[in-house]
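Encoded as structure tokens, the structure appears first; notes follow it.
Bear in mind that the values in this text are calculations on the coordinates, not laboratory data. Predicted model only: the values in this text are computed from it and were never measured. Backbone-built Cβ (ideal geometry, glycine too); neighbour counts: all protein chains shown.
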Amino acid sequence: MRIFRRPGAIVLALVLIAVAGAVFAADVFAQGAPFGAKPAAPPPSGFAGWVLAEQAKFFRALSAAIREAKADGSAAYGLFWLSFLYGAFHAAGPGHGKAVISAYLVADGATIPRGIALSAAAAFVQALSAIALVGIAALLLGATARAMGETVRWLEIGAYTLIIVFGLLLAWRKGQAFLRSFVAWRTGKPAPERADHDHDHHAHDHSHGHGHDLDHDHCGHAHGPELEDLKGRGWLKRGLAAVFAVGIRPCSGAILVLAFALSQGIFLVGVASTFAMAVGTAITVAVIAILAVVAKDVATRLAAGSNGAGMVAIRGLEFAGALVVILLGVLLITGLIASERMFPV
Amino acid sequence: MIRGPLKTALTAAVLLFGTAAANAHPHVWVTVKSELVFAADGTVEAVRHAWTFDEMFSAFATQGLDTDKDGKLTREELAELAQTNVDSLKEFGYFSFGKSGGKDVTFGEPKDYWLEADKDNVLTLHFTLPVAAKPAKGEMTVDVYDPTWFVDFSFAEKDPVALANAPAGCTVDVKGPDEASTAPTNLSESFFNNLTASSQFGSQFASRVSLRCR
């Protein structure tokens with residue numbers, strides 16, 4: 001690890017984080033720059049048209065599968081498979097859920113089991129939210145699309161407010177830790193850790209082989225998978241907040257599938273298909289979350305060898321993660337970034 | 001030395017900010033048929049749209065609207081939805097972007113709007129968009145697209161466009177997304193500059209109706 005024992009090596013970690021970010025930014029369907037910047041011209045081969053045609057085909061296959069499932073129950077398996085793929089690919093495009101979970105994982109104790117657990121829980125909550133919406137509003141109350149749209153809008157406002165509040169709390173914690181590490185670095189004294197700072201202080205007894213003995217301020221331990229990681233009540237509370245903030249707003253695709261299944265008189269098939277979608281979503285989001293965890297782990301390892309400055313960088317990274325959560329919440333609630341929209345009803 | 005953390009913060013922010021914003025993929029597919037309606041003086045006075053939605057969105061949109069529970073949706077049962085549609089479409093500029101003589105053609109409040117459902121309860125929204133100011137004679141284009149690409153618009157394969165009361169010598173054609181964005185050869189320079197300056201994400205998927213009159 002000697003070669004990493006200079007603050008400049010942090011740049012390497014940044015590159016890794018950038019790569020992880022780029023991977024989850026790589027949305028095959030989104031070829032243009034955001035915010036109205038001039039989109040890249042589609043290649044002469046008509047790639048844009050091809051993507052369009054493929055997506056349209058996929059959506060048509062999904063609705064055709066629902067029709068088939070109505071006529072022949074065994075066709076439902078094809079529908080579940082398509083739904084699973086839809087969930088997996090749909091989640092591959094960057095959305096606020098993945099961004100919030102990834103930013104949260106960077107900000108707060110990032111471990112792979114936590115990443116997987118959070119992703120799965122968020123996808124499950126999102127499936128339940130869509131089922132509850134269409135099940136209660138449409139099936140039981142006979143509500144119109146407009147009423148459902150308004151309900152979704154309220155859920156959105158709730159979810160985005162939760163994201164902001166959650167980000168603020170996270171930033172408060174992580175900002176303090178950042179300041180402490182900064183002061184420690186400037187004064188050359190190890191930073192005092194507060195008792196409530198549940199930064200995986202357990203399980204110190206195993207060796208990580210990354211200059212632990214020099215690392216007196218216990219900077220951001222990123223352990224390998226272990227059940228212990230899922231304990232710790234402070235983390236669990238914040239993790240649950242993240243899951244709800246992300247999962248409360250149902251995905252439009254699930255609402256559409258459920259509404260169509262309901263119109264075909266096979267609502268339960270739609271429910272099963274929504275869960276298949278959630279499995280696909282969970283897998284993709286978990287992969288992205290794992291990338292965020294690995295990136296932070298590498299950054300932490302690099303920082304461990306570089307005395308106080310690396311520590312400041314890691315705390316800064318965590319603080320930045322918290323700020324990004326706030327930023328996402330603000331952008332979402334002000335409508336500056338639209339999460340999802342259907343045709344206006 | 002503060003550059004490390006600061007740089008980290010900026011990198012993380014830019015990445016997450018950018019990626020969340022780039023999230024765009026359609027959930028609703030609309031098949032468009034449009035008609036250019038001419039005034040007596042030979043200029044276009046309105047665009048008459050007929051937009052057919054995909055069956056999943058149709059099922060969602062018609063939820064709870066079959067008030068007499070006969071499984072069929074009448075124009076009356078759909079009247080309120082049609083009203084909501086055209087009201088809220090205003091915010092999105094009716095997803096219709098007209099150009100004529102290098103200038104934007106703006107549209108007024110829609111007229112003659114209604115929704116009809118076919119035997120599978122697939123919805124078609126009919127509405128007429130009057131032009132607010134007279135466009136130049138004999139040359140006009142209309143792009144139909146959602147800049148944020150949550151709704152995918154594509155023209156029907158059969159009879160995508162038509163002309164009503166057109167003077168002799170006028171023809172109209174439709175170019176699909178790729179042709180429209182890569183083959184602007186028969187458009188004036190100023191038109192293309194305008195398009196580039198104001199175009200947004202979804203414009204690369206726009207289909208363009210082009211009117212030419214001799």
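In this label model, B:THR171 and A:ILE157 are separated by 5.4 nm, measuring between points 7 Å along each Cα→Cβ vector.
Fewest-first ordering of B:ASP112, B:ASP104, B:ASP66 by other beta carbons within 10 Å of each residue's beta carbon gives B:ASP112, B:ASP104, B:ASP66. With a threshold of 26 Å on the Cα-Cα distance, the over-threshold entries among A:LYS98/A:LYS296; A:LYS57/B:LYS99; A:LYS70/B:LYS72; B:LYS103/B:LYS158 are A:LYS57/B:LYS99; B:LYS103/B:LYS158. Counting only other chain Cβ atoms within 10 Å of each residue's Cβ, the peptide B:60-70 averages 6. Note on segment A:104-150 and segment A:234-306: Cα centroid distance 8 Å, given to the nearest whole angstrom. With a/c under 1.5 counting as rounded, go ahead and sort segment A:255-306 into rounded, prolate or oblate using the C-alpha gyration tensor (a ≥ b ≥ c being the square roots of the eigenvalues; past the cut-off, prolate if a/b is larger than b/c, else oblate). Because a/c hits 1.5 or more and a/b exceeds b/c, segment A:255-306 counts as prolate.
With the simple model of a label 7 Å out from the Cα in the direction of the Cβ, B:GLU91 to A:LEU141 spans 2.0 nm.
With Cβ to Cβ distances under 15 Å as the rule, what net charge do the other residues near B:ASP104 carry (K, R +1; D, E -1)? Once positives and negatives cancel, what remains is +2.
For A:ILE333, A:ILE326, the sequence from fewest to most other C-beta atoms within 10 Å is A:ILE333, A:ILE326. Counting beta carbons within 10 Å around each of B:HIS49, A:HIS96, B:HIS126, A:HIS90 and listing the fewest first gives the order B:HIS126, A:HIS90, B:HIS49, A:HIS96.
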